[in-house]
Amino acid sequence: SSETFWTTTGMFPQEFIIGFPKCVKISKVAIQCYLVRTLRIERSISKDPVSFELCIEKDLQHVEGQLQMEEFPIPDFQATYLRFIIKSAFDHFVSVHRVMAEG
């Protein structure tokens with residue numbers, strides 16, 4: 001629902017992990033967020049959410065009063081877990097409204 005979102009607690013870095021029932025192939029990750037400055041996405045192919053490796057780290061553009069919509073194409077990519085780390089922000093609090101993994 002676009003009416004719900006995850007919000008940070010005011011200090012950085014902040015992170016959340018999304019888990020899949022098994023290792024899946026992913027070709028694209030997309031995120032809708034607000035006030036995120038630097039985003040890092042890591043993956044794990046382990047049975048448990050450990051041994052993460054960097055996939056993407058990017059500085060996002062700030063658009064006043066609008067959600068940031070970013071897509072990251074990722075060829076030949078498998079993951080059991082995705083960890084999203086918000087390293088810095090344009091304000092004390094940020095929000096994540098949607099995360100999509102396609103594959």
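Once each part is reduced to its C-alpha centroid, what is the distance from segment 1-57 to segment 75-103 in angstrom?
So the separation of the two Cα centres works out to 3 Å.
Using a 1.4 Å probe, how large is the accessible area of Ile45, given in Å² and rounded to the nearest 10?
Using a 1.4 Å probe on the heavy atoms, I get roughly 110 Å².
Can you sort Glu42, Glu53 by 1.4 Å-probe accessible area, starting with the largest? Intermediate results must be reported in sequence, preceding the final value.
Numbers: Glu42 15, Glu53 90 Å².
Greatest to least solvent exposure: Glu53, Glu42.
List the relative contact order of the chain as a percent without decimals, with contacts defined as Cα pairs under 8 Å and 6+ residues apart. List each step's numbers first, then the result.
Details: 245 pairs, mean separation 50.0, N = 103.
RCO, the chain: 49 percent.
Would you kindly find the accessible area of Thr38, with a 1.4 Å probe and non-protein molecules such as ligands, DNA and RNA excluded, rounding to the nearest 10 Å²?
Estimated to the nearest 10 Å², Thr38 gives 20 Å².
How many nm is it between the label spots at Thr38 and Gln66, if each spot is 7 Å from the Cα in line with the beta carbon?
2.5
Which order do you get for Phe93, Phe72 if you rank them by accessible area with a 1.4 Å probe, largest at the top?
Values: Phe93 115, Phe72 15 Å².
The residues order as Phe93, Phe72, largest area first.
Counting only protein heavy atoms and using a 1.4 Å probe, what share of the accessible area of the chain belongs to carbon plus sulfur, as a whole percent?
51
With charges only on Cβ, +1 for K and R and -1 for D and E, what is the dipole size of segment 1-91 about its Cα centre, in debye, rounded to 20?
Working: 10 positive and 12 negative charges, 70 e Å.
Here the size comes out at about 340 debye.
Could you give the nm distance between label points at Val24 and Gln78, where each point is 7 Å from its Cα heading toward the beta carbon?
Calculated label separation equals 1.6 nm.
For the residue pair Ser95 and Phe16, what label-to-label distance in nm results when each label sits 7 Å from Cα along the Cα-to-beta-carbon direction?
Taking the simple label geometry, Ser95 and Phe16 are separated by 1.2 nm.
The values are calculated or read from the model by the stated rules, or taken from the named source; none is laboratory data. On a predicted model such as this, the values are computed, not experimentally measured, just so you know. Cβ atoms come from the backbone with ideal geometry, glycine included; neighbour counts cover every protein chain shown. Quick note on the areas: whole protein, heavy atoms, side chains included, nothing else; ligands and nucleic acids left out. Shrake-Rupley method; radii C 1.70, N 1.55, O 1.52, S 1.80 Å.
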